Amino acid sequence: MRLTPAVNIKKMVYLTQHVSSIIDDALEQLSFRNLLYPKQHNIIAIAMKGKKVIARAFNDYTQSSALQRLYARKAHIKNVYDHAEVAAINKTNGLVDTMIVLRANHKGNLLLAKPCEKICMKMLRDFNVKKLYYSVNGDIVCLKL
Ligand SMILES: [Zn+2]
């Protein structure tokens, strides 16, 4: 995972109540996932259109969708299992304007979940996602794409 240069990252000093409650819900789902699969890195991605959550998905260690394979092939990366962002896009009609990507440890502390550059960032831009929130250690950052 590689961080975008700091100049492009806007530290979130303020999350709207709406986004904040979506993140809280997602963290609850993530903590359940962490209980079920304590040995893997569990990441949740939430796809939104306007203010509406239209899909939620976790990264997957068993499935590799056509979309994941397509972007892996384009990036000359050996096939990989579905990243959460790809799994979330797969559950929509492709009309997504905001994506939230989160990872947390078993105590619920936020960890880095910056979407990978070669597959997810490329896909998010291709799908015209405008706004991306993702967790970093103990915080959420927002990136305009
Ligand atoms: Zn990825």
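We did not get these values from a lab; they are worked out from the coordinates using the rules stated. Every value quoted in this text rests on a predicted model; they were computed, and no experiment measured them. No Cβ is skipped: glycine too gets one built from the backbone with ideal geometry, and neighbour counts run over all protein chains shown.
Going by how many other beta carbons lie within 10 Å of each one, how would you line up Met121, Met99, Met48, fewest first? Let's see the in-between values first.
Values: Met121 19, Met99 27, Met48 23.
Ascending Cβ contact count within 10 Å gives the list Met121, Met48, Met99.
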For the chain, calculated [θ]222 nm from helices alone, where every DSSP H run of n ≥ 4 adds -39500 (n - 2.57): -8500 deg cm²/dmol
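Rounded to the nearest 20 Debye, what is the dipole magnitude of the chain about its Cα centre when Lys and Arg each give +1 and Asp and Glu each give -1 at the C-beta? Walk me through the intermediate numbers first.
Numbers: 23 positive and 10 negative charges, 89 e Å.
My answer is approximately 420 debye.
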Furthest towards positive pole of dipole, Asn137, Ala113, Leu70, structure part the chain, Cβ charges: Leu70
For segment 82-91, Karplus couplings with θ = phi - 60° (6.51, -1.76, 1.60), whole Hz, Gly/Pro x: 4, 6, 4, 5, 5, 4, 5, 4, 4, 8
Scattering curve values for the chain, log₁₀ I(q)/I(0), Debye with Cα scatterers, q = 0.14, 0.18, 0.20, 0.22 Å⁻¹: -0.61, -1.05, -1.32, -1.59
Residue order, fewest to most surrounding Cβ atoms within 10 angstrom, among His106, His83: His106, His83
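Nearest-5 percent of antiparallel DSSP beta bridges in segment 72-142? Show your work: numbers first, answer last.
On the way: 6 of 10 bridges.
Counting only bridges with both partners in segment 72-142, antiparallel ones make up about 60 percent.
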Amide H contacts of Val96 (H built 1.01 Å from N, under 5 Å, at least 5 apart or other chain): none
Hits among lysines - C-alpha to C-alpha of Lys91 under 19 Å, sequence gap 8 or more where chains match: Lys49, Lys51, Lys52, Lys122, Lys130, Lys131
Most mobile listed residue (Gly94, Gly108, Gly50) in the chain, GNM with C-alpha springs under 10 Å: Gly50
Under-5 Å amide H pairs with Ile54, H placed in peptide plane, nonlocal only: Ala47, Met48, Lys49
